[in-house]
Amino acid sequence: MTYTTLISATELQSLVASGQRLMVFDCSFDLMQSTAGAQQYAQAHISGAVYADLNENLSAKHGVPGASGTVTAQEADKPASGGRHPLPSRERFAIWLSSVGFANDMQAVVYDRQGANYCGRLWWMLKWAGHDAVAVLDGGLQAWQAAGGAVASGEEPAHFQSNFELREPLRRLATASDVLAHLQQPGQTVVDARAAPRYRGEVEPLDPVAGHIPGALNRPFVDNIGPDGKFKPAAVLRAEFDTLLQGRDPATVVHQCGSGVSALPNLIAMEVAGLGKSALFAGSWSEWVSDSSRPVERG
């Protein structure tokens, strides 16, 4: 059985028991305290899970080549996007996957304990790397523990290195240039996942400019999660996105947020709702406002 969007705690338990080749990733994180996720993982995680750190493993390093003209391995690793959490190159990502022992014939399951806010990043990156067999654990670690799933603390034994091979991307990465070129055209619908006050430009705690991309629609990412901590039912998500899009073609949607991370619950929710694949502007608002010539809208 292959899972490509969501997997329940009981389904994951059955998958573990079946002996299918599988790797579970804990993506817990806290934007305000970058070491908190690793500490949470050390305290409790699904037995056997690998920790995937947003800053260290799922983002490129910031920086520019040195004045000497020499190019180190890090400097040659050109990010695939801009913004506060730039995507690493697909090649750099594949090196990390290989280093933790993930292989092309494995099912991946990703989770966090923050309402799928961070694990969606790894879900999308695996799709971008051409790997379809990846699912979000619905309800995260809390659902796993409620179902009686085994947890461990501390570090896990290291895995043998594998050779993960990149394949054709299964999801589209939109650049700032792409978004700008199609601004407010029928072939593009930008959906902003930030909280409404940030979208309207009333507050901006992280980036130097407040507001939103002109014409963008607002759907805060938290709206995808129900009171039980799981994604809302597909029919409910479908109705909510239909209301948001008001007849616009779901295939034209480009998702963004502040730095390309919390936009992903919206993207995943659209797929759960049966609305097909949509694009991600990974640089998001933080990259958009890095160039003052790009237009900004408020209200």
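The values are calculated or read from the model by the stated rules, or taken from the named source; none is laboratory data. Computed from a prediction, not measured in an experiment: that's the story for all the values here. Using ideal geometry, Cβ is built from the backbone for each residue, glycine included, and neighbour counts are taken over all protein chains shown.
The set of residues from the range 263-285 being of a type outside the set (A, V, I, L, M) and in contact with a His (Cβ under 8 Å, 6 or more places away or on another chain) comprises Asn266, Ser278, Phe281, Trp285.
Please specify each residue of the range 172-183 satisfying the condition of being over 23 Å from the mean Cα position of the chain (by Cα) and part of a helix (DSSP H, G or I).
Of the residues in the range 172-183, the ones over 23 Å from the mean Cα position of the chain (by Cα) are 181-183.
Answer for the range 172-183, where residues must be over 23 Å from the mean Cα position of the chain (by Cα) and part of a helix (DSSP H, G or I): just Ala181.
For the condition touching a strand residue (DSSP E or B) at 6+ places or on another chain (Cβ under 8 Å), β-branched (Val, Ile, Thr) and within 30 Å of Leu141 (Cβ to Cβ), Val261 does not qualify. Within the range 151-202, the residues that satisfy the criterion of being among the hydrophobic types (A, V, I, L, M, F, W, C) and modelled with pLDDT under 95 are Ala158, Phe160.
Under the condition of being assigned to a loop (DSSP other than H, G, I, E, B) and either of a type in the set (Lys, Arg) or surrounded by fewer than 15 Cβ atoms within 10 Å (Cβ to Cβ) (or both), the residues counted in the range 184-204 number 7. In the range 102-113, of all residues being farther than 19 Å from Val272 by Cα and of a type outside the set (A, V, I, L, M), the one that is nearest to the chain's Cα centre (by Cα) corresponds to Arg113.
Based on this model, can you work out whether Glu165 counts as of a type in the set (D, E, K, R), in a loop (DSSP other than H, G, I, E, B), surrounded by fewer than 17 Cβ atoms within 10 Å (Cβ to Cβ) and touching a residue at least 12 places away in the same chain (Cβ under 8 Å)? Spell out the reasoning first.
Working: of a type in the set (D, E, K, R): yes; in a loop (DSSP other than H, G, I, E, B): yes; surrounded by fewer than 17 Cβ atoms within 10 Å (Cβ to Cβ): yes; touching a residue at least 12 places away in the same chain (Cβ under 8 Å): yes.
Yes; evaluated as a whole, the condition is true for this residue.
The residue of the range 265-289 that is surrounded by the fewest Cβ atoms within 10 Å (Cβ to Cβ), among those that are touching a residue at least 40 places away in the same chain (Cβ under 8 Å) and farther than 19 Å from His182 by Cβ, is Gly274.
If you go through the range 256-264 one residue at a time, do you hit one that is polar (S, T, N, Q), in a loop (DSSP other than H, G, I, E, B) and surrounded by fewer than 22 Cβ atoms within 10 Å (Cβ to Cβ)?
Residues of the range 256-264 polar (S, T, N, Q): 256, 259, 262.
Those still in the list that are in a loop (DSSP other than H, G, I, E, B) too: 259, 262.
Filter once more, so that each one left must be surrounded by fewer than 22 Cβ atoms within 10 Å (Cβ to Cβ): none.
So far as the range 256-264 goes, no, none of its residues is polar (S, T, N, Q), in a loop (DSSP other than H, G, I, E, B) and surrounded by fewer than 22 Cβ atoms within 10 Å (Cβ to Cβ).
Counting residues in the range 127-143 that are under 23 Å from Arg90 (Cα atoms), under 12 Å from the mean Cα position of the chain (by Cα) and either of a type in the set (Phe, Trp, Tyr) or not in a strand (DSSP E or B) (or both) gives one or more.
Return yes when Gly139 is out of contact with any Ser or Thr (no Cβ under 8 Å at 6 or more places or on another chain) and either surrounded by fewer than 13 Cβ atoms within 10 Å (Cβ to Cβ) or in the same structural domain as Ala116 (by TED's automatic domain parsing) (or both) and no when it is not. Talk me through it step by step, then tell me what you get.
Values: out of contact with any Ser or Thr (no Cβ under 8 Å at 6 or more places or on another chain): no; either surrounded by fewer than 13 Cβ atoms within 10 Å (Cβ to Cβ) or in the same structural domain as Ala116 (by TED's automatic domain parsing) (or both): yes.
No: the conditions fail for Gly139.
Anything in the range 152-172 that is among the hydrophobic types (A, V, I, L, M, F, W, C) and in contact with a Leu (Cβ under 8 Å, 6 or more places away or on another chain)? List them, or say none. Lay out the reasoning, then the answer.
Within the range 152-172, the first condition is being among the hydrophobic types (A, V, I, L, M, F, W, C), and the residues that meet it are 152, 158, 160, 164, 166, 170.
Phe164 - this is the single residue of the range 152-172 that is among the hydrophobic types (A, V, I, L, M, F, W, C) and in contact with a Leu (Cβ under 8 Å, 6 or more places away or on another chain).
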